[in-house]
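Engineer: The structure that follows is given in the form of structure tokens.
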Amino acid sequence: MIYDVCIIGSGAGGSPIAYELSNAGFNVVVLEKGKYYKEEDFSKDELAVSRRDKFIPDLKDEKHIINEIDEKGDITRFDGHEYSWSFWNGSMVGGSSNLMSGYFHRLKPNDFKLKSVYGEIEGANVEDWPISYEEMEPFYEKVERVVGVSGNLTKHKFLEPRSTSQFPYVKLEENHVTKWFDKACEELNYESFATPRAVLPMDALKRNGCSYSNFCGSYACATGAKGSARAALLQKCNAKIIPEAFVYKLSSDDSKVNSAYYYDSDKKSHTVKAKIFVLAAQAIESSRLLLNSSNKHFPNGLANSNKQVGKNLIFSAGGSGEGRFDFKNLDKKQQNELMQTGLFFNRSLQNDYEFEKDGKRYKGGTTDFLFEHQNLISRVAREFYDDNGDIIWGDALRDKIHKSLTTSRRLSFEVFNDWLPTDKCFVSVDDKERDKYGVNVGVINLYGHPHDLEVGEHLAQKAVNILKEMGADDIDYSISSSPPPNLVAGGCRFGDDPKTSVLDKNCKTHDLDNLYVTDASFMPTGGSVPYTWTIYANSFRVAEIIKKELS
Amino acid sequence: MINRRKFLKAGFLSSVIFISSGCELFSVTTPKETLAILQNDLFPHSKKMGTDVKKYMQIVLKHSKVSDADKKFIKNGIKWLNEEAVLLFDSTYVKLPSDKRQEVLKSISKVKWGRSFIYDNLTYIMEANFSDPIYGVADGQGWKWLDFNTGLPQPKKAYL
């Protein structure tokens, strides 16, 4: 059988294409490495999900090699298994979108033309996108309706142009402490807003609304309220989904991919033929598959005649911080407000999405605020040290845990700014190390440009100002080049010049007529927001293009 | 007679650890013997909350996602803890009175491996105390102690 479309990977990059094409009557198959879990399989079991990493592969079976490159150019090699350094996210139908927090921000128009607007930065490969915000806008709007985005649109100086005046779903219920936050922002003259979320506040789209169960990020949603690729799209179409199908090779002639080869859970090999192939296995793994699929026509790897596959890997730069609110500084009413659980703390700041410093114009970013994750074991483990940094145990530990967790609460923030693409940050394949399938593992070559830290530091200071104004104690933050594994993009950037890009503006490879890449790999720069909304929107955009091609 | 499967299942916690004094063999212990006393010394409140930490250790040390390196470190830590006890008081850890055991813990907390060993043990203890009742080692008393409302739905089966 020859399918119309074969999609490799079932996350936010692949699912919109499965949804659109299968609903248009095309024959679509989705190959997903992970298992097919559904709502009834999900629970808030901290041991399973957060301590034993139920939804990601065991590193002894599947790992990465990580080469960390410092400013001097010295390389330190880490074996991901040996150092428990994981770059896996959600290995399951729907991918990591099942586990996302669903903080949804659009890119701004200037994010599409970073080089033109802000100029080149030494040591970085900044490029404009080959499409504009205006071309993407209808698809951002489509995601709001089809996947479901809730929020309350408020004007601020960096609010992007929109074709609709409001989100289709009202904002989620909020913890009262957001009022303290809003007051602090008002005092500081900062413009904050309610964070849009890919979470339905009420039953809609044939899905249940949020149950305010007190756990969201890192956990798959048992109600279907979270707009995962599985709940919002794959369960709403008749694309054939083959779980536990690890694609290890694509074969091609000189102009077309003809087959995808995958191993099932018994390591039995299968072949899938299709007219069009869409690769969306997550940025690192998509590059790895192309590099591992070399043949006589493409000896450097598929779609890699210009040796660009894997290059310009990016993450979200920035970091995180927090402050603690203690009962001793609060009246009874405020204490009760602080300890309310289940309700969301949805506040974001884009006050400095662009800023000037010492006469220079900088691209800034986004800061999202949220209560410390409710995971109890990890919160308790933070109390193992005393104020001097010495480890404690026994009654001293018991008393510290009890006091901290019952009479205080931490408000956290996450900073998102551009991780500049460079020659030193890229994906390659290890010559010797293999995974449980016998396939060469991916190598993640890591480098963070110093500019990223400068911007992150500026944004973090603004967040600290808010926490101070709110009266928080123990304020602390960390801005670093440490890569968040769930915010990865690039490796197959799109562009108009086939010499410097892997994909054309339609996300089709320059080299092969029937191969598209639609996960975050396509992004030449990442914007200063979490990527998921943009991945969804772009995938809906490419779905229109493929639909036309097949018609 | 213990069959092979049961022996392998019991394996890690019942394995023999040789404790040296200088170059000489001083005594032997098992992870099971030392951990039972050590983990109570580190967080006696577990017992008050009715948590079966011993049972949890049997579960977690067989878990596929707990690495061999983690298990090896626990085993080495038990050996080194006992050797520190021998060095300080000429006795294995388990045979010392409570106050002397605390002194051994204070001594190892001053070195890197000792801090890591205590941290890892505390982590397992807290996993036991605050685990969902489906695991059969805690019944929610830990949650109550910290006014914690668990997320819903709770698991219908343990992830082992």
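Engineer: Check off (1) surrounded by fewer than 16 Cβ atoms within 10 Å (Cβ to Cβ); (2) on the phi > 0 side of the Ramachandran plot; (3) more than 9 Å from chain A (Cβ to nearest Cβ); (4) free of Cβ contacts under 8 Å to residues at least 12 places away in the same chain for residue B:147 and give me the number that stays unchecked.
Structural biologist: The one condition residue B:147 does not meet is (3).
Engineer: If you check A:356, A:383, which single one turns out to be without any contact (Cβ under 8 Å) to a residue 40 or more places away in the chain, part of a loop (DSSP other than H, G, I, E, B) and not hydrophobic (A, V, I, L, M, F, W, C)?
Structural biologist: So the residue among A:356, A:383 that is without any contact (Cβ under 8 Å) to a residue 40 or more places away in the chain, part of a loop (DSSP other than H, G, I, E, B) and not hydrophobic (A, V, I, L, M, F, W, C) is A:383.
Engineer: Need pairs with beta-carbon distance below 6 Å; first residue under 22 Å from residue A:155 (Cβ atoms) and within region A:339-352, second among the aromatic types (Phe, Trp, Tyr); sequence gap 6+ or separate chains.
Structural biologist: From residues that are under 22 Å from residue A:155 (Cβ atoms), the pairs are A:345/A:371; A:347/A:181; A:347/A:369; A:348/A:193; A:350/A:158; A:351/A:190.
Engineer: Consider residue B:57 carefully, then state whether it is closer than 28 Å to residue A:342 by Cβ and assigned to a helix (DSSP H, G or I).
Structural biologist: Spelling it out, it is not the case that residue B:57 is closer than 28 Å to residue A:342 by Cβ and assigned to a helix (DSSP H, G or I).
Engineer: Name the single residue, out of those in region A:46-70 being farther than 20 Å from residue A:95 by Cβ and among the charged types (D, E, K, R), that is farthest from the other protein chains (Cβ to nearest Cβ).
Structural biologist: Ranking the qualifying residues of region A:46-70, first place goes to A:70.
Engineer: I'm trying to understand the selection: among the residues of region A:138-153, which are touching a strand residue (DSSP E or B) at 6+ places or on another chain (Cβ under 9 Å) and among the hydroxyl-bearing types (Ser, Thr, Tyr)?
Structural biologist: The answer is A:150, and nothing else.
Engineer: What about residue A:352, is it over 23 Å from residue A:419 (Cβ atoms) and more than 14 Å from chain B (Cβ to nearest Cβ)?
Structural biologist: In short, no.
Engineer: Additional query: What strands (runs of 3 or more DSSP E) completely inside region A:222-287 contain at least 3 residues that are out of contact with any Leu (no Cβ under 7 Å at 6 or more places or on another chain) and touching a residue at least 40 places away in the same chain (Cβ under 8 Å)?
Structural biologist: Counting at least 3 such residues, we get A:246-252, A:269-279.
Engineer: Looking at B:74, B:134, B:78, B:108, can you tell me which residue is at the interface with chain A (Cβ under 9 Å from one of its Cβ atoms) and crowded, with 16+ Cβ neighbours inside 10 Å?
Structural biologist: Criteria check complete, one pass: B:134.
Engineer: Can you tell me which of (1) within 11 Å of another protein chain (Cβ to nearest Cβ); (2) among the acidic types (Asp, Glu); (3) assigned to a helix (DSSP H, G or I) is the one residue B:84 doesn't meet?
Structural biologist: In the conditions (1) within 11 Å of another protein chain (Cβ to nearest Cβ); (2) among the acidic types (Asp, Glu); (3) assigned to a helix (DSSP H, G or I), residue B:84 misses (1) alone.
Engineer: Does region A:71-80 contain any residue that is closer than 28 Å to residue B:129 by Cα and within 14 Å of another protein chain (Cβ to nearest Cβ)?
Structural biologist: No; the residues of region A:71-80 include none that is closer than 28 Å to residue B:129 by Cα and within 14 Å of another protein chain (Cβ to nearest Cβ).
Engineer: Here's something else I'd like to know. Restricted to region A:3-17, and to residues that are aliphatic (A, V, I, L, M) and in contact with a strand residue (DSSP E or B) (Cβ under 8 Å, 6 or more places away or on another chain), which residue is farthest from the other protein chains (Cβ to nearest Cβ)?
Structural biologist: It comes out as A:5.
Engineer: Here is a further query. Which ones in region A:334-344 are of a type outside the set (Val, Ile, Thr) and either within 14 Å of chain B (Cβ to nearest Cβ) or crowded, with 20+ Cβ neighbours inside 10 Å (or both)?
Structural biologist: Answer for region A:334-344, where residues must be of a type outside the set (Val, Ile, Thr) and either within 14 Å of chain B (Cβ to nearest Cβ) or crowded, with 20+ Cβ neighbours inside 10 Å (or both): A:335, A:336, A:338, A:339, A:340, A:342, A:343, A:344.
Engineer: Also: Working carefully through the options A:471, A:456, find the one that is within 22 Å of the chain's Cα centre (by Cα) and small (Gly, Ala, Ser).
Structural biologist: A:456
Engineer: On the basis of being farther than 21 Å from residue B:67 by Cβ, assigned to a loop (DSSP other than H, G, I, E, B) and modelled with pLDDT of 95 or more, does residue A:101 make the cut?
Structural biologist: So residue A:101 fits the description; yes.
Engineer: So, in region A:389-422, of the ones that are part of a loop (DSSP other than H, G, I, E, B) and within 12 Å of another protein chain (Cβ to nearest Cβ), which residue ends up surrounded by the fewest Cβ atoms within 10 Å (Cβ to Cβ)?
Structural biologist: A:389
Engineer: Of all residues in region A:187-222, which are under 28 Å from residue A:155 (Cβ atoms) and polar (S, T, N, Q)?
Structural biologist: Of everything in region A:187-222, those that are under 28 Å from residue A:155 (Cβ atoms) and polar (S, T, N, Q) turn out to be A:189, A:192, A:195.
Engineer: While we're on this one: All but one of (1) within 13 Å of the chain's Cα centre (by Cα); (2) farther than 30 Å from residue A:58 by Cβ hold for residue B:26; which doesn't?
Structural biologist: Among (1) within 13 Å of the chain's Cα centre (by Cα); (2) farther than 30 Å from residue A:58 by Cβ, the lone unmet condition for residue B:26 is (1).
Engineer: Further, regarding this structure: Quick test of your reading of the structure: residue A:431 fulfils all but one of (1) charged (D, E, K, R); (2) part of a strand (DSSP E or B); (3) buried (at least 17 other Cβ atoms within 10 Å of the Cβ). Name the failing condition by number.
Structural biologist: (3)
Engineer: Answer yes or no as to whether residue B:118 is more than 10 Å from every other protein chain (Cβ to nearest Cβ), under 14 Å from the mean Cα position of the chain (by Cα) and crowded, with 19+ Cβ neighbours inside 10 Å.
Structural biologist: Judged against the criteria, residue B:118 is not a match.
Engineer: Another question, if that's okay. Within region A:210-260, how many residues turn out to be under 23 Å from the mean Cα position of the chain (by Cα) and either on the phi < 0 side of the Ramachandran plot or crowded, with 21+ Cβ neighbours inside 10 Å (or both)?
Structural biologist: Qualifying residue count for the region: 28.
Engineer: Looking at region A:176-211 only, could you name the residues that are part of a strand (DSSP E or B) and either farther than 14 Å from residue A:224 by Cβ or among the small types (Gly, Ala, Ser) (or both)?
Structural biologist: Of everything in region A:176-211, those that are part of a strand (DSSP E or B) and either farther than 14 Å from residue A:224 by Cβ or among the small types (Gly, Ala, Ser) (or both) turn out to be A:192, A:193, A:197, A:204.
Engineer: Which members of region A:506-536 meet the condition of being among the aliphatic types (A, V, I, L, M) and within 16 Å of the chain's Cα centre (by Cα)?
Structural biologist: Passing the criteria: A:520, A:523, A:529, A:535.
Engineer: Would you check if there is a residue in region A:18-41 being under 27 Å from residue A:288 (Cα atoms), surrounded by 19 or more Cβ atoms within 10 Å (Cβ to Cβ) and within 14 Å of chain B (Cβ to nearest Cβ)?
Structural biologist: no
Engineer: When you scan region A:362-385, do you find a residue that is more than 33 Å from the chain's Cα centre (by Cα) and either surrounded by fewer than 16 Cβ atoms within 10 Å (Cβ to Cβ) or at pLDDT below 95 (or both), even just one?
Structural biologist: No, there is no match, as no residue in region A:362-385 is more than 33 Å from the chain's Cα centre (by Cα) and either surrounded by fewer than 16 Cβ atoms within 10 Å (Cβ to Cβ) or at pLDDT below 95 (or both).
Engineer: Show me the strands (runs of 3 or more DSSP E) entirely contained within region A:1-86 in which 3 or more residues are touching a Lys or Arg at 6+ places or on another chain (Cβ under 9 Å) and closer than 30 Å to residue B:123 by Cβ.
Structural biologist: A:65-69
The values are calculated or read from the model by the stated rules, or taken from the named source; none is laboratory data. Worth saying up front: this structure is predicted, and the values here are computed from it rather than measured. Neighbour counts are summed over all protein chains in view; Cβ atoms, including those assigned to glycine, are modelled from backbone coordinates with ideal geometry.
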